[in-house]
Amino acid sequence: MRISDRLNWVVAVIGIWGGIAPFILGYSLHIAAVWNAIIVGLAFLVFGVWSALSENAASARGLNWINFLIGIWLIISPFVLGFASITVAMWNSIIVGAVVGVLELGAALSIRETETVNY
């Protein structure tokens with residue numbers, strides 16, 4: 001199993017957290033924060049699993065970069081969508097976005113083109 005695969009499985013689990021966090025952390029009444037968390041969490045889950053299972057290095061790297069960009073979105077989303085005043089939602093978004101961004105950057109940079117060779 002590649003290092004990038006392990007990192008992507010962690011991102012997939014973080015995606016599950018993203019989808020349930022509003023209900024656990026108690027900000028489920030703010031619609032923008034909830035839908036943002038659910039959609040982004042689902043994206044992390046889908047793209048993380050897809051990348052981890054991909055045998056094509058270029059595809060896996062592309063999916064890593066997509067999740068990296070979604071992580072950046074998650075960092076800025078409280079300010080764009082107007083839920084920065086909900087402290088727990090804001091900090092959850094910033095922390096999760098930063099963690100996923102770092103993990104996906106590491107995953108994308110750890111993939112080598114030679115990994116596409118099958119014997």
### Task
Springs between alpha-carbon atoms under 10 Å, Gaussian network over the chain: tell me which of F68, F83, F47 tops the mean-square fluctuations.
F83
### Query
Counting Lys +1, Arg +1, Asp -1, Glu -1, what net charge surrounds V13 among other residues with beta carbon under 14 Å of its beta carbon?
-1
### Query
How much of the accessible area of the range 1-49, probe 1.4 Å, is carbon plus sulfur, in whole percent?
82 percent
### Message
Give me the one-decimal nm value for the distance between modelled label points at L109 and I39, 7 Å along each residue's Cα-to-Cβ direction.
### Response
3.0 nm
### Task
Express the relative contact order of the range 1-60 as a whole percentage, based on alpha carbon pairs under 8 Å and six or more residues apart in sequence.
44 percent
### Query
Can you tell me the accessible area per residue over the chain, all protein chains present, probe 1.4 angstrom, in square angstrom?
53 Å²
### Query
Summing -39500 (n - 2.57) over the DSSP H runs of n ≥ 4 in the chain and dividing by its residue number, what mean residue ellipticity at 222 nm do you reach, to the nearest 500 deg cm²/dmol?
-28000 deg cm²/dmol
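The values are calculated or read from the model by the stated rules, or taken from the named source; none is laboratory data. Note that the structure is predicted; figures quoted are calculated from it, not measured. Because the Cβ atoms are built from the backbone with ideal geometry, glycine has one as well, and the counts that use them run over all protein chains shown. Just the protein is used for accessible areas: all its heavy atoms, side chains included, with ligands, DNA and RNA removed. Shrake-Rupley method; radii C 1.70, N 1.55, O 1.52, S 1.80 Å.
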